[in-house]
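The values are calculated or read from the model by the stated rules, or taken from the named source; none is laboratory data. Remember, predicted model here, so these are calculated numbers, not experimental data. Here Cβ is always computed from backbone atoms with ideal geometry, including for glycine, and neighbour counts include all displayed protein chains.
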Amino acid sequence: MLDSKLVRLGAVAALAVAASFGAQSEAFSAEKTVQIAGFGAKSGVVRSFGVNTEAVLNGAIEAVNAAGGVKLADGSMAMMELSFYDDRCNAEEGISVLRRIAGSDAVVAIGPTCSNVAEPLFGILQKNVDDAGDSGLQIPVFTDTAIKGGLAKISQWAFRNVPNESEMYKSLFQWISTEHPDLKTVYGGVEEDFAHSRFTWHKVMKERSPEAGYEVLGESKWLLNDTNFTTQVRQMKKAKADIVAISAHPFTTCGVLKEMKRQRVKPQLLVGLTSSSSMETLQGCSEQAEGIIIPTSFAPVTDAAKAAADAAAKHDGSADLHSAAAWEIVMILKNVMEAAGITADGDSVDADRRNVRDGLANLKETDGLLGKIQRTDEGEAIKPYLYVHAQAGEWAILHDPSQ
């Protein structure tokens, strides 16, 4: 059930929009800073994800600093300071960015956007802590967006605050089978060259839907940069499935939905990818997306979530499934840094990084914008979630599985 109180998280979040100028002036008089590095895609088709993450990070760090900052080991206070890098959703660029961050005074890196960046990037981190024979980078990387299943296990320096899609779609298809017992078949559409969307169709939707009793009739494939979907939708139309599940990001999701309308393909139900539960989808094709159902780990339904959304808007971004996770990460890091007793001295970067890493690894539960988040031994999150559907140009809550 949603925890509308979330006292600690909500109190900090509220300061993002309500702190007085005097309090901010006093907070920013501190001499020390804790350097935080963010990185993600701010270029290309998925640029909105990086833009939104940066906006949320700025809002969250502003909230922390307005509340006094981070308490250091000696009892003094330090302000968080953000540097944000564009990795262009490119693996080589992402690795280059992380190497630059590792050479800086940043205590932790937050990112990246794309799973096809995260997977090889986690591979250049030291795999096992204290392995003297492993020269991999030793800096904690806490991911807010890259959601392909199981990536945190690549390195003990990698952590994620992303939802478990396998569990979300298992629950969703079971719920649909109960609510719509007349629906029997599923057809998939997949953005085949993008790690997240490909994984979610082939390893999640395509497996979870038969477990709920559905027959998968086939699939159509396209690429992230495609703009013509005539053939794929023609295949979809021929299948005559009751449910069409589209595992794609907002740009191609909208392209496919518009082509479906043109070809008069009208399945009884549409299911979308978690990443498409965003304003970008509604801005691009709200009419065609009407009714599509998507599981998501964010909606502005608690005081803390509303404050995070307001702070993102203040910084010209929007809070969604991915970017809102960055808000939670900042609040988690504040608590971990204070518990670990970092010093934020120029010569203590390595020790501070290790202390933050160890603190993150020991977490079992954290506060989230929708409620408590469980942490696994592999550095993954188990987050509360909702089902939303597109309704009159907005994402409306359809069902809360926790109730």
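Just a few scattered comments:
- Scanning the stretch 36-87 for residues that are closer than 18 Å to A106 by Cα and in a helix (DSSP H, G or I) turns up T53, E54, L57, N58, A60, I61, E62, V64, N65.
- Residue count for the stretch 159-203 under the criterion of being in a helix (DSSP H, G or I) and hydrophobic (A, V, I, L, M, F, W, C): the result is 8.
- Checking each residue in the stretch 358-374 for being assigned to a strand (DSSP E or B) and under 15 Å from the mean Cα position of the chain (by Cα) picks out only I373.
- All told, E119 meets the bar of being surrounded by 15 or more Cβ atoms within 10 Å (Cβ to Cβ), in the same structural domain as E31 (by TED's automatic domain parsing) and assigned to a helix (DSSP H, G or I).
- Which numbered condition V204 fails, given (1) free of Cβ contacts under 8 Å to residues at least 60 places away in the same chain; (2) out of contact with any Phe, Trp or Tyr (no Cβ under 8 Å at 6 or more places or on another chain): (2)
- Test for D347: is it within 30 Å of S76 (Cα to Cα) and either outside any helix (DSSP H, G or I) or acidic (D, E) (or both): yes
- Of the helices (runs of 4 or more DSSP H) lying entirely inside the stretch 204-303, those carrying at least 3 residues that are more than 21 Å from the chain's Cα centre (by Cα) and over 26 Å from P163 (Cβ atoms) are 230-239, 250-262.
- Residue in the stretch 36-79 that is surrounded by the most Cβ atoms within 10 Å (Cβ to Cβ), counting only those that are β-branched (V, I, T) and closer than 30 Å to N225 by Cα: T53
Yes/no per residue for (1) more than 20 Å from A41 (Cα to Cα); (2) touching a Phe, Trp or Tyr at 6+ places or on another chain (Cβ under 9 Å); (3) of a type in the set (D, E); (4) in a loop (DSSP other than H, G, I, E, B):
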position: L98; (1), (2), (3), (4): no, yes, no, no
position: A106; (1), (2), (3), (4): no, no, no, yes
position: N128; (1), (2), (3), (4): yes, no, no, yes
position: D131; (1), (2), (3), (4): yes, no, yes, yes
position: D134; (1), (2), (3), (4): yes, no, yes, yes
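- Filter result for A289 (farther than 15 Å from H389 by Cα, of a type in the set (G, A, S) and either surrounded by fewer than 24 Cβ atoms within 10 Å (Cβ to Cβ) or in contact (Cβ under 8 Å) with a residue 24 or more places away in the chain (or both)): no
- Looking only at the stretch 267-281, and only at residues there that are surrounded by fewer than 24 Cβ atoms within 10 Å (Cβ to Cβ) and at pLDDT below 95, the one that is farthest from H196 (Cα to Cα): M279
- In the stretch 353-367, the residues that are assigned by TED's automatic domain parsing to the domain that holds V141 form Cβ pairs under 7 Å with partners that are at pLDDT below 95 and not in a loop (DSSP other than H, G, I, E, B), at six or more places apart or across chains, as follows: D367/R8; D367/L9.
- Considering (1) modelled with pLDDT of 95 or more; (2) more than 13 Å from the chain's Cα centre (by Cα), the lone condition that E328 does not fulfil carries the number (2).
- Given (1) part of a loop (DSSP other than H, G, I, E, B); (2) at pLDDT 95 or above, number of the condition S402 does not satisfy: (2)
- Candidate set: the stretch 369-402, residues that are among the small types (G, A, S) and in contact with a Phe, Trp or Tyr (Cβ under 9 Å, 6 or more places away or on another chain); chosen: the one farthest from F159 (Cα to Cα): S402
- Out of V117, V97, sole residue that is of a type in the set (A, V, I, L, M) and touching a strand residue (DSSP E or B) at 6+ places or on another chain (Cβ under 7 Å): V97
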